[in-house]
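Undergrad: Have a look at this one before I ask anything.
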Amino acid sequence: MRLAVLDVGSNTVHLLVVDAHRGAHPTPMSSDKDQLRLAEHLDAGGALGPVGIKALLESVHRARDIAKAAACDDLMAFATSALRDATNSAEVLALVRRETGVTLEVLPGEDEARWTFLAVRRWCGWSAGRLLVLDIGGGSLELAVGRDETPDIAASVPLGAGRLTREAFTADPPSRAEIAALTERVRDELAPVAGRLRAAGTPDRAVGTSKTFRTLARLTGAAPSGAGPRAHRALTAQGLRQLSAFVTRMSGPDLAQLDGVSPSRAHQLVAGTVVAQAAMDALGVDELDICPWALREGVILRRFDMLDGANGDDRSAHVSQGGLGPLTTHRARWS
């Protein structure tokens, strides 16, 4: 089955096309990204403005055309914190559906954490034991812990790197006072969730996913992306402390010159560093392994888990079995 997964995030609209079936490794066929920074198009009242809406419609149209050209059997489309937070979310979703024919489902934060955890479990395997998973997005931080494929605790807090950059910093680079205030805020907001996760038991392995953690690991000496997804990568608390002293004094344009830093996200790296360090400190994590799989892969895996053993050639039966809990999937009908 060829499946298209459209992820509308705070920073990026990402279309992933994979060939997969139940029990198989999802094989990426293509990956296309649009850097929309939707969260930056929210107005003072929290509504997504006309510029952001126009960009979103164009991006979804483009993704739909790519999926059609690739002869995908299903198109699964979901949105995370940017549209989850928008005060006009319902109107935007209705417009997208009317103008493009694509139904965007807004994922609750806890489901983001849950499907990301599933992806990490499948990547790391049962030998990893009890897992703690952290994922820093543009709008939120997802955390989950557990021994099975479904976490014992899944949580989401509004501590994304993009959100905090907009809310906490007025200069580039930010002042020492702004960084100190943000650090205190993040620690305060993390404390209740961190307490719940610690009370659930000591993890055997802590894992970080997302572009932010991959970038931080690269800046502390981890293998570059060219080494492939199976190269071992890790981020240590000591390395992160040393890096923090360095990057928090740099402007976005200067950070963008560093190896492994995406120019489109360089301005968010300081806030991402603050969140990563606070989370690792609050949870007593000395080292995070970096996992290349995250939310999109978790959604794909969950989709095939829900097929209930339907025949691989009966695609309409696949669709009729339902989707991913709150995430609806349907057979693509290309007009």
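Undergrad: Per residue of the stretch 58-75, what does 6.51 cos²θ - 1.76 cosθ + 1.60 with θ = phi - 60° give for ³J(HN,Hα)? Whole Hz please, x for Gly and Pro, Karplus curve as stated.
TA: 5, 5, 5, 4, 4, 4, 4, 5, 5, 5, 5, 5, 7, 6, 6, 7, 9, 10
Undergrad: Taking the chain as the reference, fit the longest principal axis to its C-alpha atoms, fit the long axis of helix 237-247 to the helix C-alpha atoms, and give the angle between the two in degrees, 0 to 90, nearest 10.
TA: Tilt of helix 237-247: around 80 degrees.
Undergrad: Among 113, 1, 38, flag the residue with its Cα farthest along the positive direction of the charge dipole of the stretch 1-137, charges on Cβ as +1 for Lys/Arg and -1 for Asp/Glu.
TA: Positive-most Cα among the choices belongs to 1.
Undergrad: A further question follows. Quick check: residue separation of residue 188 and residue 99 times 0.36 nm, minus the Cα distance between them. What number comes out in nm?
TA: Numbers: separation 89, 0.36 × 89 = 32.04 nm, distance 4.24 nm.
Taking 0.36 nm per residue and subtracting the Cα distance, the gain is 27.8 nm.
Undergrad: Next question. For the chain, with the dipole built from +1 on Lys and Arg beta-carbon atoms and -1 on Asp and Glu ones, taken about the Cα centre, which of 52, 261, 132 lies farthest toward the positive end?
TA: About the Cα centre, the residue reaching furthest to the positive side is 261.
Undergrad: Right, another one. Express in whole angstrom the spacing between the alpha-carbon centres of the stretch 135-162 and the stretch 213-269.
TA: Result: 20 Å between the Cα centres.
Undergrad: Name the shape class, rounded, prolate or oblate, that the alpha-carbon gyration tensor gives for the stretch 22-150, where a ≥ b ≥ c are the square roots of its eigenvalues, rounded holds for a/c under 1.5, and otherwise prolate holds if a/b is larger than b/c and oblate otherwise.
TA: Note, shape of the stretch 22-150 comes out oblate.
Undergrad: Provide the FRET efficiency to the nearest 0.05 for the residue 25-residue 264 pair, computing r from the beta carbons and using R0 = 41 Å.
TA: The computed FRET efficiency comes out at 0.90.
Undergrad: Simple spin-label model, 7 Å along Cα-to-Cβ: residue 61 to residue 198 in nm?
TA: Between residue 61 and residue 198, the label points sit 5.2 nm apart.
Undergrad: Around residue 106, which amide H atoms from residues at least 5 apart in sequence, or from another chain, sit under 5 Å from its own amide H, with H modelled in the peptide plane?
TA: Placed amide hydrogens put 79 under 5 Å from residue 106.
Undergrad: Mind giving me the nanometre distance, one decimal, between the label points for residue 241 and residue 180, set 7 Å out from Cα along Cα→Cβ?
TA: Label-label distance for residue 241 and residue 180, simple model: 1.9 nm.
Undergrad: Got the relative contact order for the chain handy, in percent, Cα pairs under 8 Å and 6 or more residues apart? Before the final figure, lay out each step's value.
TA: Working: 629 pairs, mean separation 63.1, N = 335.
Answer for the chain is 19 percent.
Undergrad: Using the alpha-carbon atoms, what tilt in degrees (0 to 90, nearest 10) does helix 89-100 show relative to the longest principal axis of the chain?
TA: Approximately 40 degrees, to the nearest 10.
Undergrad: Here is a follow-up. Taking amide H positions as placed in the peptide plane 1.01 Å from N, state which residues far from residue 153 in sequence (5 or more) or on other chains have amide H under 5 Å from it.
TA: 145
Undergrad: Treating only the Cβ atoms of Lys and Arg (+1) and Asp and Glu (-1) as charged, compute the dipole magnitude of the chain about its Cα centre; round to the nearest 20 debye. Don't jump to the answer; show the numbers that get you there.
TA: Details: 38 positive and 40 negative charges, 78 e Å.
Rounded to the nearest 20 debye, it is 380 debye.
Undergrad: Simple spin-label model, 7 Å along Cα-to-Cβ: residue 54 to residue 254 in nm?
TA: 3.6
Undergrad: Just check the stretch 161-219 against the gyration tensor rule for me: Cα atoms, a ≥ b ≥ c as the square roots of the eigenvalues, rounded for a/c under 1.5, and otherwise prolate or oblate depending on whether a/b exceeds b/c. It would help to have the intermediate numbers written out before the result.
TA: On the way: a/c = 2.92, a/b = 1.48, b/c = 1.98.
Cα axes put the stretch 161-219 in the oblate bin.
Undergrad: Let me ask another. For the chain, report the accessible area per residue in Å² (1.4 Å probe, heavy atoms, rounded to an integer).
TA: Per residue, the chain has 42 Å² of solvent-accessible surface.
Undergrad: Karplus couplings for the stretch 116-130 from phi (6.51 cos²θ - 1.76 cosθ + 1.60, θ = phi - 60°), rounded to Hz, Gly and Pro as x?
TA: Using θ = phi - 60°, the values come out as 5, 4, 4, 4, 5, 4, 5, 5, 7, x, 5, 5, 6, x, 6 Hz.
Undergrad: Another one. Name the long-range amide H neighbours of residue 233: under 5 Å, sequence gap of 5 or more, or other chain; modelled H, no Pro or chain starts.
TA: The list, which skips near neighbours in sequence, is 290.
Undergrad: Related question: Specify the angular offset, from 0 to 90 degrees and rounded to the nearest 10, of the alpha carbon long axis of helix 269-283 from the longest principal axis of the alpha carbons in the chain.
TA: Computed tilt is about 80 degrees.
Undergrad: Per residue of the stretch 193-210, what does 6.51 cos²θ - 1.76 cosθ + 1.60 with θ = phi - 60° give for ³J(HN,Hα)? Whole Hz please, x for Gly and Pro, Karplus curve as stated.
TA: Computed from phi, the couplings for the stretch 193-210 are 5, 4, x, 5, 5, 5, 5, 6, x, 6, x, 7, 8, 9, 9, x, 10, 4 Hz.
Undergrad: Need the full-extension length gain, residue 35 to residue 126, defined as separation in residues times 0.36 nm minus the C-alpha distance. One decimal, nm.
TA: Details: separation 91, 0.36 × 91 = 32.76 nm, distance 3.53 nm.
Extra length available between residue 35 and residue 126 comes to 29.2 nm.
The values are calculated or read from the model by the stated rules, or taken from the named source; none is laboratory data. Owing to the predicted nature of the structure, the values given are computational and were not obtained by experimental measurement. For neighbour counting, all protein chains shown are included, and Cβ atoms are generated from backbone atoms with ideal geometry for every residue, glycine included. Surface areas here come from the heavy atoms of the whole protein model, side chains and all, with no ligands, DNA or RNA. Shrake-Rupley method; radii C 1.70, N 1.55, O 1.52, S 1.80 Å.
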